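Down below is the structure, laid out as structure tokens.
Please treat every number below as a calculation from the coordinates, not as lab data. Bear in mind the structure is a predicted one, so any value in this text is a computation, not a measurement. No Cβ is skipped: glycine too gets one built from the backbone with ideal geometry, and neighbour counts run over all protein chains shown.
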Amino acid sequence: MENKRKERRKYKRYLVDKGAFVAENCSSMRGRIFDISKGGLSFTYADSGNRPKEAFELVIYFAGEERSLPIIKCRTVSDFEVPNQNDNNMRRCCVEFKELTRMQFVFLQQFIKERTTYGQA
């Protein structure tokens, strides 16, 4: 019997260009965005013991730029160690966006258009 994993994502994921980051609002936790969709994103971060909470707010920002996207409420779907890295303390966190406002959704669509490669992650 073939073991087929059911895809749970509602939206296509896009790989994010370098230079896009997330920060947990009101925390020192920061990471580099790996991929993104209209429903969520994943990011890698150095594990310093300060892991994302189950529900939190994040800010998306860009290296070398002052602008950032509005604060987005999200929920952690998974958080795991990234295997086979030179630095054994890297983790990847996958989050689902919650309660996006119309403005946040528009910013998100613009981010996907301008800051991603259109190959599916």
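As a rough guide to protection, the peptides 52-61, 106-115 ranked by mean Cβ packing within 10 Å, highest first, stand as 52-61, 106-115. Residues whose amide H comes within less than 5 Å of that of Thr116, counting only those at least five positions distant or on another chain, are Asp17 (H built at 1.01 Å from N in the peptide plane). For Phe34, the residues whose amide H sits under 5 Å from its own are Ser42, Phe43, Thr44, ignoring neighbours fewer than 5 places away on the same chain, with H placed 1.01 Å from N.
Across all Cα atoms of the chain, the radius of gyration (one decimal) and Dmax (whole number) stand at 14.4, 53 Å.
As a rough guide to protection, the peptides 11-17, 89-95 ranked by mean Cβ packing within 10 Å, highest first, stand as 89-95, 11-17.
Taking amide hydrogens as placed 1.01 Å from N in the peptide plane, the amide H of Met90 sits under 5 Å from those of Asp47, Val82, each at least 5 positions away in sequence or on another chain.
Counting 0.36 nm for each residue step from Cys26 to Arg67 and taking away their Cα separation leaves a gain of 13.0 nm. Suppose R0 equals 30 Å. What FRET efficiency, 1/(1 + (r/R0)^6) with r the Cβ-Cβ distance, do Glu81 and Phe105 give to the nearest 0.05? Working from the Cβ atoms, E equals 0.40.
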